[in-house]
Each structure stands twice: as structure tokens, then as C-alpha cells.
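Asks: Structure provided below as C-alpha cells; questions to follow.
The values are calculated or read from the model by the stated rules, or taken from the named source; none is laboratory data. For clarity, every value in this text was computed on a predicted model and none was experimentally measured. Backbone-built Cβ (ideal geometry, glycine too); neighbour counts: all protein chains shown. Calculation scope for accessible area: heavy atoms of the full protein, side chains included, ligands and nucleic acids excluded. Shrake-Rupley method; radii C 1.70, N 1.55, O 1.52, S 1.80 Å.
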There are 2 protein chains.
Amino acid sequence: MTAFEFGNDIIIVDLGLMFPSEDMPGIDYVVPDYHYLQKNKHRVKALIITHGHLDHIGAIPYLINRVGNPPIYATPLTAGIIRQKLEEFKLQKSVMLNEFKPDDTFSFGAFNLSFFRVNHNIPDGVGIALKTPIGTVVHTGDFKIDFTPRDEQPAELHKIAKLGGEGVLLLMSDSTNAEQPGSTTSEREIGINLEKLIAKADGRVIVSTFATLVSRIQQVFDAAEKTGRKVAVSGYSMDKALEIAYNLGAIKFDKNIYIRLKDIGKLKDEEVIIISTGSQGQENAALGRMAKGDHRQVRLKKGDTIILSSSPIPGNERAIQNLMNALFSLGTKVIYNKMFDIHASGHGYQNDLRLMLALAKPKFFMPIHGERHMLEAHARLAEDMGIARDNIFILSNGNILELAKKGGGPVVAGAISKTKLPNSPVMVDGLGIGDIGEVVLRDRQVMAQDGMFVTIITIDSNTQKVIGDPEIISRGFMYMKGNDQLIKDTVTKIKDICNKHTANKLENWSPLRAALRDDIGSYLFQKTERRPMVLPVIIEI
Amino acid sequence: MTAFEFGNDIIIVDLGLMFPSEDMPGIDYVVPDYHYLQKNKHRVKALIITHGHLDHIGAIPYLINRVGNPPIYATPLTAGIIRQKLEEFKLQKSVMLNEFKPDDTFSFGAFNLSFFRVNHNIPDGVGIALKTPIGTVVHTGDFKIDFTPRDEQPAELHKIAKLGGEGVLLLMSDSTNAEQPGSTTSEREIGINLEKLIAKADGRVIVSTFATLVSRIQQVFDAAEKTGRKVAVSGYSMDKALEIAYNLGAIKFDKNIYIRLKDIGKLKDEEVIIISTGSQGQENAALGRMAKGDHRQVRLKKGDTIILSSSPIPGNERAIQNLMNALFSLGTKVIYNKMFDIHASGHGYQNDLRLMLALAKPKFFMPIHGERHMLEAHARLAEDMGIARDNIFILSNGNILELAKKGGGPVVAGAISKTKLPNSPVMVDGLGIGDIGEVVLRDRQVMAQDGMFVTIITIDSNTQKVIGDPEIISRGFMYMKGNDQLIKDTVTKIKDICNKHTANKLENWSPLRAALRDDIGSYLFQKTERRPMVLPVIIEI
């Protein structure tokens, strides 16, 4: 999410989500910090979406109302995907969703917006030009430059060149592949390779990719047509994506080529292609269930060819290894990107980025999208092309870049503001948005590490003597069975601690509780070198 | 760990550990299933170690006694590293550790052992030839072929060629890089690049790598000598590794070049190199602490150059991204492998693997070491070189390859046995080895996801009526504060469930406990879409 502000007007570009990192156990999604925009929601004029991927649209249902429920503007396919999300969250009536075409223009207060098509691995992506009274800002969105894309027109380079000719104040450009030399492989080449591999396969072919890689799905249908196969789909999100894209004409195929998954048994193996989710090793996605032998309609067998057409999202590497191990163990043939070019990134390589810089000829440059080292690599690229290092700004989340006329003159100066906006990851967990904080996360981590150990001590309120033996419940710590002696010793230890503390009458139980927590914690660590969360409960009767 | 068995004799090669996968929260290490060897421990003649990395020696302290405490054989540096581990675990007196040189030979029952040097990124690595009455098995260990290694001799290709000439029955060869075309970069080139980068740096240089990459550490000392800098070391494991390697002559440098970390302030910045641990993004390793500003002696600053000289272990990608983000944010210059060749893998690329196959000329081939898809890639490589697919065996953990003379004749046949040995990952957690099982892990996972919810209900044993309000303790589920209404409603719900169940007198509390667990679980899910572990405790008074 990026916010553009001029005078009283605010425009938001994209509103995506992030998947939680490993130190956020149990969290479903992370969405942007919205607090500044919430405070200024009456000034938010519009939310413009560059394309329909989750990291650009996924937070809409969670946050649209918190940022003032501005009208959303998106191209047709993007709008179709957003509409489905809004319906899922029963927001379709309360949120205004407008469609536009890349040649449309809009004015929102001080901003005049125009658009240019870019290539990506979902169709209908655009970059945005925001004209303001002090100059034009160009925001590329996610992009690559593909002269022979499969399912859309090449990026509208002429529009970018025109903007460059008129003068671009600031270019904000996608940095995801700023470390990759050369140019991105064209989707055309990927299509040809997929077709070759499918033509060569003896049995069934399962192509696994992201549901959101609409272009890849199109290519599989193309290959099916050319090789005389039919396509079935497995996976809820894949089904949905196909439905939306087909209905909007973003994916085109002869209806005869499509077959329902439950009917694949009626065809010969060499007539079948299954497109499935699960290429990132997700255990519960379609391919994951096939690999575990849990899939209701598809039982993998020797002779099946599985094509993994995606690249690993950082953090998923191990899950993908496990998936591949399972697939190989079933005797299936597995084809992945290291063997053939069967996946192209949707993000431009260095030559694509250079071309963007050369066409836009910006005064100021801000590398966006990607980890810090990718932004730095993109900055070096821009510097090599002649943009002064002082005119390149690498921002962190919450940073503000201020562009303003110097002392009222014609020259615009740029600087990262010393003010930082609030920037805490807002965590979504079940129905809660932002209600989970450090303490809850830390408790989850502690229990994940070594479990927990609850002891319930019944104490006579008059004499403050322990009644009977403390009860012990542990989970995730160790098996109680086979550790009778340790349990017995711990019970004795608990009683000793209680008796020592209640030798003089206690006003309240806090000091005893603290002592139990610490001493039993140390005792268990000494015996096991594990540190469960110790929870003493005192029941007074 | 691999076990070789002929008649009554068993030889073990390597005894390493693995790091836990994400579905093993809280587990320290995973060690091999030792149960077959434990049952046959009187037959185990020796444990031979190929080199000193943790995935080949790390399980020795945990398992050596469980597999019959066989004598260990290792080359000098490997033995030095093992000795230190044994001392840590106070096992140095009870375990017999023997040193050998690559030209030594041994006989253990039916096995005649000889060795050949290989290159890797720790010196003193060997491959093993096991001569048996029915033929010779060659086990490469981890290897690459480096004609210009820094700190050791090139691999002893002549010995492998001689074995090949005499006839190799089975080759077992390292597959880690079977998907990488070409040849491994020589350590010489890495050394030259490191020197260039260090020569160019204006301020301090911090080189971060694995403590076990002894060759890399040597190269940093070389570069220091040539660029007039001194080297300090940060990180316990790095300190230890340097001490062992220096004392054994495996790392050589002029003593003047070494400086203690606390003394770096006495030098100019451009005279300092710090070698540190933490290149995998480990938060508590030296570089991780520097990045967080928590390091006692080193505060990073603009002008520092940080060289990350290692490649990510799958699963660590995200942690490394976070580390790099933190380093860039501090304004330091970060140099990593995508920018320059500053790290070479210790595992041979396809050309190295082809050379091994060509020299050994085995009848049977078993790709080892690496994920299944790497083993498959290595198998394809061997097949392309003319080894029949039926003579290539890809084993899973617990599989047995049987090589035996066919019907007593001279021809040896090979097949994977239908018998599978027990093969469960043995988890080490604190002092426990193998005492953590599925239930404990699952409990940890549940609590990591959504925390836990304990309710303590006091019941009058005569009337079976609830006394007072149930007490509620939750951790990792949600903040109790601000959720008063939910807590209040849940308490009412708990009392209702109790009253409903005790309307007729209960013999025991199990049905009530089960009902509380299920109904409160569903109730909380309905209200929050979270599923904490619900633990009802009933106290009878």
C-alpha cells in the first residue's frame, strides 16, 4: 500500500496483504498499518489497484472501511477478482468498485491520473501516472516487459516514453528482480516449452501453479488444444480463478477442452491434463493431497508427469522439497524449473528495469517492491544509468518522501521526511484484525518450544495449608507416562515451596505464584533442559 | 549414517544430525534411527567418519553408546573436532577415537578399508573404499574436485582411477549439486575475489561464514595478510573452530595477524577484519547481534563492509533476508553471493560428478546425500553415461540395498530389499533423546497456532453443583483485557454445560470434561475463528 498526498487530497495505490513470518505463529495474514489513513480518512479520494494479486488486493476486505471506504478503481479482470473477495466478506453492497480501461483518465482533487498497460503473470495489470501541480509521479506496479506475451498486449512503452518526454518527477519501479541480469524469459517461450513437455508425456499430466497465474493457466489450455488433451481443474482457488477469468474473457478456450475432474476416468491417461494448486508445497492444496494419497478424485501413479510451474516464495523451500520427495517416491515423473524453463517470473530483470528507467527519464527515483537488498540493487542500476545517488530514495515502511518546490521557485526538491508514520504489522488471526500483540505471540512461541506445565494447588483458606497433592497437567512438554519419578519429585517440590511461603500468613497469593513459576521452571529445566510455560493455579477453599 | 554389513560384520560410516523441520517446534536436533544397530551392536566393528561437518559427526555424542560404542576412525582435523564434541559431553574417556591418514588401510572382519582424499570446504575429507569378498564399494563422502584448493591437496583422483581399474561393484556418490551444470568454482577464485573486495573496502570488513568452513577462514587470513589488516573473531563456535584448526595446522597464519576482538578499537578501521558467525540469519549468532545493535564489542556503522560468504541452507532464506534488511538499514555495505563469487559450494557440480563416475566405473550406482530430486538428477546423469537404469538404486532412509552373488556364481546382483528397517526421526530436545513423539509435537503445534484456554471448575462432591465461577486462564489466545464480554459469556456457557451434565449424578468426570472441551472449543471458534487448546480442570471438594 502506498499513499500519495497533495494538499488535502490522498490517493491510495494498492492494498495488499503479506503472509506471516515464522515468528508469527498462528497468524493468518499481515496487513499494512492503516492508522495514519484512518485518522485522515475524510481526505482519502480513491483506492487505485494495479493488478489482481493478493499482495496488492488482499487487505481490501479487512481495511477498506478503516481507511474511509473510498471508491475502488480497477481494470476489468482485477475488478472481477476483487468483486469475488468482497462477496466472500459480504461487502459487495457497501463498497463502491469501479472498472476502468488503461486509456481512461481521472481527476481526484489535485491529482490527474492516467495509466499504461504493463506485463505481469496476470493480465490486465497497469502502471499509474499521477500528475500533480509540481510534477508527475510514475508508479509501475508489478511489471515485466514481454514483447510476446500470451494473453494480453505488450506493455505500453509508448505511453511511458511520452510521459518521459514530458518530464517525470519521480519514478517508483518494481525491484523484485533487480539482482537478475538480462531480460525476463517471454511467456511465449514458456508456452512452447510446456507444450513440448506435454506432447512428450505418455500418461496423465498434472500442471501445478498459482491460481493467480492466469497467463500460465491460459498456456496450459493452449497446450491441451495442441496436444489433443482435455483439462480438468483441482483446487478451490484454481476453480474460482478460472471461472472469473473465463467469464471476463481473460482466459479463452474451446469449451470441449474443459472436463470436470470427476470425469477424468472416462478418458485415456494420455488425454488428461489436470491443473492444480499446491506448487508451493502447501499440504492441504490439491497437489499436496495427491502426494499424500488423500485426494478424493486423483490417485497418482507411475506414468503420471507432474509439472511444477512456479518458483518458490522465500520460506516455502523446505515444503517444496518435501512435496517433491513425496512425488518422486510415488514413482511419478517430476519436472521443475531447474530442468526446463517452465516458469517465468512476472517481475522484470535488469534489462527490463533499465528500459523503464530509460523511457521514464525521472528526476527522482524510488525503487519499490522487494527486500531491501533488491531495492539497493535497483538503486545501483539507476545510479549506473546516471541518476545522482542523492536523487534516489530507498524508503522503509512508514517513511515519507516529500517532494516540494524549493522556496516557492520552480525547482522541486526531494527528501525523506524525519517524521515516520506508525508502522507496526497489523496481524489478522481469525476474526481479529490487529488484536494480537507481542505478548500473545511470545506466549505462543514459548508453548511451541517446550509446551506448558499447569499445576493446580488447593489451599485451605484458614490454615493456608496445601490440601492433598497438587494436580499436574502438561501438554507439549513430555510424556507423563514413563516420567513418574520426575512428576512425583516435582509435586514434592511444589508442596515444599508452598509450605515455605505460607509459614507466615500471606496477604495474597502473588508472591507464592511467582515463586512457583520461577522455582518450578528452574527445577524442570535442570532435570530436562526444557523450559515449558509454568502456570501455577491456586484454589482457595 | 550408512551401515555396511557383510556376514557378521557391520561398519558404520558417518553419524550426523539434521536440523528440525518446521513441523518439529522446540526440537533441537534430529538424529538417525539407531534401533537396528542397537539390536546388533555386538556386531558393529567401527565407525568411520568422512569429514568434520555436523551432518556427519553431530549425532556421535547422542548415539555412540546406543550403537555399541564402536571405535571411531577419523583423519586428524576431523578427529580434533570430534574430540571437542566428546569433551563437551564428557565422553572423551569412554569413547575410543583413532586418527588415520588417507594412505592408511584397515581390516575389520570381512571389510578391507582404504581411503582417498577429496576436496570439500573443510580440509581433511576422505572418501572410502570398502573391499569385501564380493567386490568393492566406494563411498565418496561429501566432495567436490578442486584442482587449486587453498588449504589442502587436490582430490586423489589417481586412487579412484586405480579402484576403477580394479573394478568397483558399487559407487555411492554425493548428489547435493547434481542439478548444477558445469564445474564447481575453485576455492582459489573465491580467495582472489575476497582479497579484491577487502582491498577495496574503506572501513572495517566483517566476513560472515560458517564456523565449519575452515577453508574460507583460511582465505580470510590470507586476504588479511595481503591487504595489511588484522583479523579478530566473533562467535563462540568460530573461536572454537579456529582454535582446533590452528592447533592442528589446518589453518596457518602469522600470529601477528590475529587480534583479540576487544582490541579492535586500537586499530584504524581500515586495518580490521572481523570473522563472524551468523551468515544464515541466526538472530543470536555474532552477526545477528551486531545487526540488532546487541553485540557487546562491535557496533556497526556506515563505512563497514559486510561480506556474507555462504549460501542459504533451505529454510533459512527468510531469516537471511531479515538480516540483510537490518544490515542495509544501518547503512553498511553488504556484499553477498549474487553480487560476486564469494562462496563456492563444497559439493561437486555435474562435471565433478561425471568425473567421479568416469574414474570409478562402477557396475552399480547409488546416488547419496541430497533431496530426492537431486538423487534423481544424479541418477539421470549416470544413466546418460551408460549405467543401466536397473543398476541404479535410489534409497530412502531405512531402505536396504542387497548385493549378493547370484546362485553362488561369480556375478553379483543388486536389489533394494523389501524389508525396511525402522526409520523414525529420533528427536533430541534438551536432555531427551527420542522421548518426544507425535502427541507432544501436535500439542505444541496447536498451542503455537492459537494458544490455550484453561478453565478450572470447582464442584461440590456431594451435590455435584459448581461452586462459584469457573476460573479462566488463557495464554497465546487473545488479550483477556478488552474481551470481558466474551469471557463472561464463556463462563456462563461453562456453568450451563456443567449443570446440564450433573442433572443426573455422574460416576466420573470424563464425559463432562469431554463435553466442556468440545463445546467450549466450538463456542470460542464461533466467536473468534481461533481454536485454542481447551483444558477443563475439575476440582472436587
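Asks: Being hydroxyl-bearing (Ser, Thr, Tyr) and surrounded by fewer than 21 Cβ atoms within 10 Å (Cβ to Cβ) is the filter here, so list the residues in segment B:146-178 that pass it.
Replies: B:Thr148
Asks: Filter segment B:500-541 for residues that are more than 23 Å from A:Gly468 (Cα to Cα) and among the small types (Gly, Ala, Ser) and give the result.
Replies: Matches in segment B:500-541: B:Ala503, B:Ala514, B:Ala515, B:Gly521, B:Ser522.
Asks: Against the condition modelled with pLDDT under 95, within 30 Å of A:Gly249 (Cα to Cα) and either charged (D, E, K, R) or open to solvent by 10 Å² or more (accessible area, probe 1.4 Å) (or both), how does A:Met18 come out, does it pass?
Replies: yes
Asks: So which of A:Ala199, A:Ala250 is touching a helix residue (DSSP H, G or I) at 6+ places or on another chain (Cβ under 8 Å), small (Gly, Ala, Ser) and open to solvent by 60 Å² or more (accessible area, probe 1.4 Å)? Reasoning before the result, please.
Replies: Values: A:Ala250 fails: open to solvent by 60 Å² or more (accessible area, probe 1.4 Å).
The match here is A:Ala199.
Asks: One residue is enough: does segment B:57-66 have a residue meeting the conditions of a type in the set (S, T, N, Q) and either free of Cβ contacts under 8 Å to residues at least 24 places away in the same chain or open to solvent by 10 Å² or more (accessible area, probe 1.4 Å) (or both)?
Replies: Here is the first cut: in segment B:57-66, the residues of a type in the set (S, T, N, Q) are B:65.
With either free of Cβ contacts under 8 Å to residues at least 24 places away in the same chain or open to solvent by 10 Å² or more (accessible area, probe 1.4 Å) (or both) added as a condition, the list becomes B:65.
Scanning segment B:57-66, I find at least one residue that is of a type in the set (S, T, N, Q) and either free of Cβ contacts under 8 Å to residues at least 24 places away in the same chain or open to solvent by 10 Å² or more (accessible area, probe 1.4 Å) (or both), so the answer is yes.
Asks: Now, a different point. Here is a list of conditions, (1) closer than 23 Å to A:Met18 by Cβ; (2) modelled with pLDDT of 95 or more; (3) open to solvent by 10 Å² or more (accessible area, probe 1.4 Å), and A:Gln84 meets all of them except one; can you say which number that is?
Replies: Failed condition: (2).
Asks: Can you tell me which residue is most open to solvent (accessible area, probe 1.4 Å) among those in segment A:344-388 that are over 16 Å from A:Val118 (Cα atoms) and part of a loop (DSSP other than H, G, I, E, B)?
Replies: A:Lys361
Asks: Still on this structure, please answer the following. Given the options B:Gly7, B:Gly26, B:Gly68, name the one that is among the small types (Gly, Ala, Ser) and touching a His at 6+ places or on another chain (Cβ under 8 Å).
Replies: That would be B:Gly68, the only listed residue that is among the small types (Gly, Ala, Ser) and touching a His at 6+ places or on another chain (Cβ under 8 Å).
Asks: What are the residue pairs meeting all of these: first residue in segment B:472-487, first residue under 20 Å from A:Met447 (Cβ atoms), second residue among the aromatic types (Phe, Trp, Tyr), Cβ atoms under 7 Å, and 6 or more apart or on different chains?
Replies: Correct list of pairs: B:Ser474/B:Phe453; B:Phe477/B:Phe453.
Asks: If A:Glu270 satisfies all but one of (1) modelled with pLDDT of 95 or more; (2) under 24 Å from the mean Cα position of the chain (by Cα), what's the number of the condition it fails?
Replies: So the condition that A:Glu270 fails would be (2).
Asks: Assess whether B:Phe143 counts as being among the aromatic types (Phe, Trp, Tyr), open to solvent by 20 Å² or more (accessible area, probe 1.4 Å) and in contact (Cβ under 8 Å) with a residue 24 or more places away in the chain.
Replies: Numbers: among the aromatic types (Phe, Trp, Tyr): yes; open to solvent by 20 Å² or more (accessible area, probe 1.4 Å): no; in contact (Cβ under 8 Å) with a residue 24 or more places away in the chain: yes.
Answer is no for this residue.
Asks: Suppose we filter segment A:449-502 for residues that are more than 14 Å from chain B (Cβ to nearest Cβ), assigned to a loop (DSSP other than H, G, I, E, B) and crowded, with 16+ Cβ neighbours inside 10 Å; how many remain?
Replies: Adding up the residues that qualify gives 2.
Asks: State which residue is farthest from the other protein chains (Cβ to nearest Cβ) when the search covers only segment B:399-446 and only residues that are without any contact (Cβ under 8 Å) to a residue 40 or more places away in the chain and open to solvent by less than 20 Å² (accessible area, probe 1.4 Å).
Replies: Result: B:Ser417.
Asks: I need the full set of residues from segment B:323-340 which are facing another protein chain (nearest Cβ under 8 Å) and closer than 16 Å to A:Ser396 by Cα, in order please.
Replies: Once the filter is applied, which keeps residues that are facing another protein chain (nearest Cβ under 8 Å) and closer than 16 Å to A:Ser396 by Cα, segment B:323-340 yields B:Met324, B:Asn325, B:Phe328, B:Ser329.
Asks: Next up: Filter segment B:207-242 for residues that are small (Gly, Ala, Ser) and in a helix (DSSP H, G or I) and give the result.
Replies: Those that are small (Gly, Ala, Ser) and in a helix (DSSP H, G or I): B:Ser215, B:Ala223, B:Ala224, B:Ser237, B:Ala241.
Asks: Name the single residue that is nearest to the other protein chains (Cβ to nearest Cβ) among those in segment A:503-521 being touching a helix residue (DSSP H, G or I) at 6+ places or on another chain (Cβ under 7 Å) and touching a residue at least 40 places away in the same chain (Cβ under 8 Å). If you could, list the steps in order and put the result at the bottom.
Replies: The first filter runs over segment A:503-521 and keeps only residues touching a helix residue (DSSP H, G or I) at 6+ places or on another chain (Cβ under 7 Å), leaving A:506, A:511-512, A:515-516, A:519-520.
Of the ones still in play, those that are also touching a residue at least 40 places away in the same chain (Cβ under 8 Å) are A:506, A:516, A:520.
Numbers: A:Leu506: 18, A:Leu516: 14, A:Ile520: 16 Å.
The selected residue is A:Leu516.
Asks: Taking segment B:213-245 only, how many residues are under 15 Å from B:His53 (Cα atoms), of a type in the set (S, T, N, Q) and surrounded by fewer than 23 Cβ atoms within 10 Å (Cβ to Cβ)?
Replies: Count: 1.
Asks: Just one of A:Lys465, A:Lys488, A:Lys500, A:Lys527 is out of contact with any helix residue (DSSP H, G or I) (no Cβ under 9 Å at 6 or more places or on another chain) and more than 25 Å from B:Ser474 (Cβ to Cβ); which is it?
Replies: Checking each option against the conditions leaves just A:Lys488.
Asks: In addition: Taking the criterion of being free of Cβ contacts under 8 Å to residues at least 12 places away in the same chain and outside any helix (DSSP H, G or I), would at least one residue in segment A:273-286 satisfy it?
Replies: So far as segment A:273-286 goes, yes, one or more of its residues are free of Cβ contacts under 8 Å to residues at least 12 places away in the same chain and outside any helix (DSSP H, G or I).
Asks: For segment B:410-427, what are the residues that are part of a strand (DSSP E or B) and under 21 Å from the mean Cα position of the chain (by Cα)? Spell out how you get there, then give the answer.
Replies: Taking segment B:410-427 and keeping what is part of a strand (DSSP E or B), we get B:412-416, B:426-427.
B:Val426, B:Met427 - these are the residues of segment B:410-427 that are part of a strand (DSSP E or B) and under 21 Å from the mean Cα position of the chain (by Cα).
Asks: Restricting to segment A:303-339, name every residue that is part of a loop (DSSP other than H, G, I, E, B), open to solvent by 20 Å² or more (accessible area, probe 1.4 Å) and touching a strand residue (DSSP E or B) at 6+ places or on another chain (Cβ under 9 Å).
Replies: The answer is A:Gly303, A:Asn337.
Asks: Same structure again: Take the residues in segment B:522-535 that are outside any loop (DSSP other than H, G, I, E, B) and at the interface with another protein chain (Cβ under 10 Å from one of its Cβ atoms), then tell me which one is surrounded by the most Cβ atoms within 10 Å (Cβ to Cβ).
Replies: Step one: filter segment B:522-535 for residues outside any loop (DSSP other than H, G, I, E, B), giving B:522-528, B:533-535.
Among the residues that remain, those that are also at the interface with another protein chain (Cβ under 10 Å from one of its Cβ atoms) are: B:524-528, B:533, B:535.
Numbers: B:Leu524: 23, B:Phe525: 16, B:Gln526: 9, B:Lys527: 16, B:Thr528: 19, B:Met533: 25, B:Leu535: 19.
Checking each candidate, the answer is B:Met533.
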